[in-house]
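Below is one structure; the comments refer to it alone.
The values are calculated or read from the model by the stated rules, or taken from the named source; none is laboratory data. In this text, all values refer to a predicted model and were calculated from it rather than measured experimentally. As a convention, Cβ positions derive from the backbone with ideal geometry for all residues, glycine included, and neighbour counts pool all protein chains shown. Just so you know, the surface numbers come from the protein's heavy atoms only, side chains and all, with ligands and any DNA or RNA stripped out. Shrake-Rupley method; radii C 1.70, N 1.55, O 1.52, S 1.80 Å.
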Amino acid sequence: MEPTPDPAATRPILPEGYGLPSSAEGLLSWSDVEQRLTASQHYWLSTVRPDGTPHSVPRWGVWLDGRFYYDGAPTTRHARNLQGNPACTLTLESGTQVVIVEGVSTATSADPEDLGARLATAFEKYHPQYAPGPDAWSGQDGGGLRMLIPRRALAWFAFPTDCTRFTF
C-alpha cells in the first residue's frame, strides 16, 4: 500500500483564553506525530454504542502506512459498534504528549506476502511470541483485522505553543 500523503497542519480553533499562538510558527510536523503513533504500545479506541453512548477500550495495534491496524473478534463491543457506525477516535496514553486521531474503522484483510508480513513484523514490538504470523489476516473475514483511516488529528507536546490540527 502506498503511504498516505502528509496531512495539512493548522492551528485548531479553540475558545479565547487557551493561549494558542496566532501564527503557524511552532506547529508540529506530521512525521513527529507519526513517530509517536508508531512507537506506542498502548492505544485507546473510542467508538459509539447503538444507543449513542461512548465506549472506550485499550487496544494493541500498529501504525503502518498512515493507518492504524488492530484486530478483535467481530463479536467484541467495539467491533459491533463500528459495524453500525464506523466513526472512532484513537488516542495515546499521555495527557501531556497528546495525539488524538479521528477517523473511520473498517474490516480489512492482508495479503501474507505483502501487508500481512509487514504487520507481523510491526506487531513484534509487543513481543515476538505474541506477533501473529503473516497469514493471520488473509482470510475472507481478515481474521478480525481492522484498519482505522484517519480524517483529522490533534496533537501537542508542549501545549499551547505547538498545538496542531492535522486534516487528511
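In the set PRO86, PRO58, only one residue is more than 11 Å from the chain's Cα centre (by Cα) and either at positive phi or surrounded by 17 or more Cβ atoms within 10 Å (Cβ to Cβ) (or both); that residue is PRO86. The selection criterion, being closer than 25 Å to PRO132 by Cα, out of contact with any helix residue (DSSP H, G or I) (no Cβ under 6 Å at 6 or more places or on another chain) and open to solvent by 70 Å² or more (accessible area, probe 1.4 Å), does not hold for ARG67.
The combined condition, being surrounded by fewer than 20 Cβ atoms within 10 Å (Cβ to Cβ), of a type in the set (Gly, Ala, Ser) and modelled with pLDDT of 95 or more, is not fulfilled by ALA117.
Does LEU64 satisfy being closer than 25 Å to ALA120 by Cα and touching a Gly at 6+ places or on another chain (Cβ under 8 Å)? Spelling it out, it is not the case that LEU64 is closer than 25 Å to ALA120 by Cα and touching a Gly at 6+ places or on another chain (Cβ under 8 Å). Taken over the stretch 29-55, the residue count meeting the criterion of being over 25 Å from PRO128 (Cβ atoms) and either β-branched (Val, Ile, Thr) or open to solvent by less than 20 Å² (accessible area, probe 1.4 Å) (or both) is 5.
For the stretch 146-164, the set of residues classified as open to solvent by 30 Å² or more (accessible area, probe 1.4 Å) and within 17 Å of the chain's Cα centre (by Cα) consists of ILE149, ARG151, ARG152, LEU154, TRP156, listed by residue number.
Cβ-Cβ under 7 Å, sequence separation 6+ or interchain: first residue in the stretch 72-87 and farther than 12 Å from VAL57 by Cβ and at pLDDT 95 or above, partner surrounded by fewer than 17 Cβ atoms within 10 Å (Cβ to Cβ) and among the polar types (S, T, N, Q). Which pairs? Note: pairs meeting the criteria are PRO86/THR106.
Within the stretch 125-144, being loosely packed, with under 13 Cβ neighbours inside 10 Å and at pLDDT 80 or above holds for one residue alone: HIS127.
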